[in-house]
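The values are calculated or read from the model by the stated rules, or taken from the named source; none is laboratory data. A quick note: this is a predicted structure, and the numbers were derived from the prediction, not measured. Cβ atoms come from the backbone with ideal geometry, glycine included; neighbour counts cover every protein chain shown. Heads up: the accessible areas ignore ligands, DNA and RNA and are worked out on the full protein's heavy atoms, side chains in. Shrake-Rupley method; radii C 1.70, N 1.55, O 1.52, S 1.80 Å.
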Amino acid sequence: MTPVDDFAALLAGPVVPAARGLLGATLSAGGVTVRLTEVEAYAGSGGDPASHAHRGRTPRNAVMFGPAGHAYAYFTYGMHWCVNVVTGPDGEASAVLLRAGEVVDGLEIARSRRTAVRRDVDLARGPARLCAALGLDRAVYGRYLLGDGPVRLRPPATPVPPEAIATGPRVGVTGAHDVPWRFWIAGDPTVSDYRRHVPRRPGPDRAAGRRP
């Protein structure tokens, strides 16, 4: 088996080992390559309230149900794209959000897409920034990432050793707040900041059970 075959087998297994194995992998698109330094695991329907597949299959999340190795992209806050790698056995929804990375090739192109960013370590520091640096949008949805297409995911040249991987709660989720399924390379400056989700306090009309 080739390293890519081994990587594909890892992604087709449970989501947590797959998430750990994605650290140090590279994602290339639009003339830019990012080495992944932070990821977040999400399980399938029924078992993970923070997962987009928690309530079952929908047109939006259908790709999460497999097969593994495809991209699940979604639009958030009306302005940002985020991309996940689908994992697990075919028919069982799970995916790993690509949260942050280091631009290791195509630095000038990434800078041209992220003109407001002053430091190179911030170019792909966060899931929306990572997509922006790579030029990813709706078109990546459903693409197979382990082939030779325009968006290519490749295994780490050297696996990140377990002792170099830190773990903690996921960022900004509205359910299962403290599940420690965010994984990152300890001490890496491109890792994003942790922010726990804080529910908005209802206004007077909402508190009274009325729409504004």
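When Lys and Arg each count +1 and Asp and Glu each count -1, what net charge do the other residues less than 13 Å away from Thr87, Cβ to Cβ, add up to?
-3
Rounded to 0.05, the FRET efficiency of the Val104 and Arg60 pair, given R0 = 22 Å and the Cβ-Cβ distance, is 0.10.
If exposed trypsin sites (Lys or Arg not before Pro) are those in a DSSP loop with at most 15 other Cβ within 10 Å, what is the longest stretch of the chain that has none?
120-194
For the range 43-114, the extents of the C-alpha atoms along the principal axes are 42, 26, 18 Å, listed from largest to smallest. For the range 1-88, the list of chymotrypsin sites (Phe, Trp or Tyr not before Pro) that fall in a loop by DSSP and count at most 15 other C-beta atoms within 10 angstrom reads Tyr77. In the chain, helices alone account for a calculated mean residue ellipticity at 222 nm of -4500 deg cm²/dmol, with every DSSP H run of four or more residues adding -39,500 (n - 2.57).
Convex hull of alpha carbon positions in the chain: directionally averaged projected area 13.0 nm². According to the Kirkwood relation over distinct C-alpha pairs, the hydrodynamic radius of the range 1-77 is 13.9 Å. Per residue, the range 48-157 exposes 48 Å² of accessible surface when a 1.4 Å probe is rolled over the protein heavy atoms with every protein chain present.
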